[in-house]
Each structure stands twice: as C-alpha cells, then as structure tokens.
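So the structure is just underneath, and the comments pick up after that.
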Amino acid sequence: MANQIPIPARGRPQGGAARARLESKLREYVYPALRNNPHWGQNIKRLKNWDPHTWRYRAGDWRFFYEIDDRQRLVFITIADHRRQAYR
C-alpha cells in the first residue's frame, strides 16, 4: 500500500497563479516522491532537533515540511512555505 498524503492546510500562497504553481509542484514532484519513499531522496532531509521528527522536501523556492506515521503509512504535510520564510 502506498503512503497517503493529504494536501497541506497552511502556508499556501493566496494568489491564483502562485497557488496553481504550488499545487502543480505538489502533484508532479512532491507527492510521487513521498509516496515512493518519504524517508530518503534527492530533495528530502530530516530536520535536526525537531520534535516530533520532521522532514523537509525542497522543490524550487518552496519547502514542504512533513511528518511520517510509519505504522499507518501516512505522510502529513504540515507546512508549505517559501524558502525565504520557511525556517523563521
């Protein structure tokens, strides 16, 4: 069974074109990579000193932060943010 990945609730851009680009990145790059292996990949990094354990997926200027529930095979994208504001 593949991991189920919900759409992020926070951090989305409000403009129509920007929002469409972000959703396109999610569908084309982020979701397929996380379904395949959410723990490892070219743009995936586990963040240090975050509790609960949190990973980051980098897609262009956007950062997608997520948590993994291995028992239920779920990936929760908690924040999608522009890199300029992602780590503040």
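The values are calculated or read from the model by the stated rules, or taken from the named source; none is laboratory data. Quantities reported herein were computed from a predicted structural model and do not represent experimental measurements. Glycine also receives a Cβ, built like all others from the backbone with ideal geometry; neighbour counts cover every protein chain displayed.
Computed values, structure above
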| quantity | calculated |
| --- | --- |
| Residue within the range 11-22 that is under 10 Å from the mean Cα position of the chain (by Cα), surrounded by fewer than 12 Cβ atoms within 10 Å (Cβ to Cβ) and either at pLDDT below 90 or of a type in the set (A, V, I, L, M) (or both) present | no |
| Residues that are within 13 Å of the chain's Cα centre (by Cα), part of a loop (DSSP other than H, G, I, E, B) and among the acidic types (Asp, Glu), drawn from the range 32-88 | Asp61 |
| Residue satisfying condition, being crowded, with 16+ Cβ neighbours inside 10 Å and in contact (Cβ under 8 Å) with a residue 60 or more places away in the chain, within set Ala80, Ala86 | Ala80 |
